[in-house]
Amino acid sequence: MSEKLDRIGADRDRAREKRDLWDARYKELCQKYIQQENTEIHEMVRAQNMTPDQLAEVLKALQSGLFSSPAVVPGTPDTLAGHNHNISDVKEDELDED
């Protein structure tokens, strides 16, 4: 092959390797995010001295529309109101900021 094709092929291979590394890093960060989110939820529930049954009741009340928004639930930080923290919400751009 030509020298130019060899260089392009090598660049392509390096780019693929970097992509694979970033994909693995992204998955790792998603797992860490979920673990931290779960820890914080657990701490909030424990801080309210709620039993699993009480938590289930609160969640059912939220789902049924008894509360207009999570911000009105006593003890819920305003920073969580209206946010949906799913793994799909973590954008690759946000990962580059670290």
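Within the shell defined by Cβ-Cβ distances under 15 Å, the residues around Asn49 carry a net charge of -2, with Lys and Arg each +1 and Asp and Glu each -1. Residues Met1, Met44 in ascending order of nearby Cβ atoms (within 10 Å, fewest first): Met1, Met44.
Quick note: the coordinates plus some simple rules give every number you see, no bench work behind them. Please read these numbers as outputs of a predicted model, since none were measured by experiment. We place every Cβ from the backbone using ideal geometry, glycine too, and count neighbours over all the protein chains shown.
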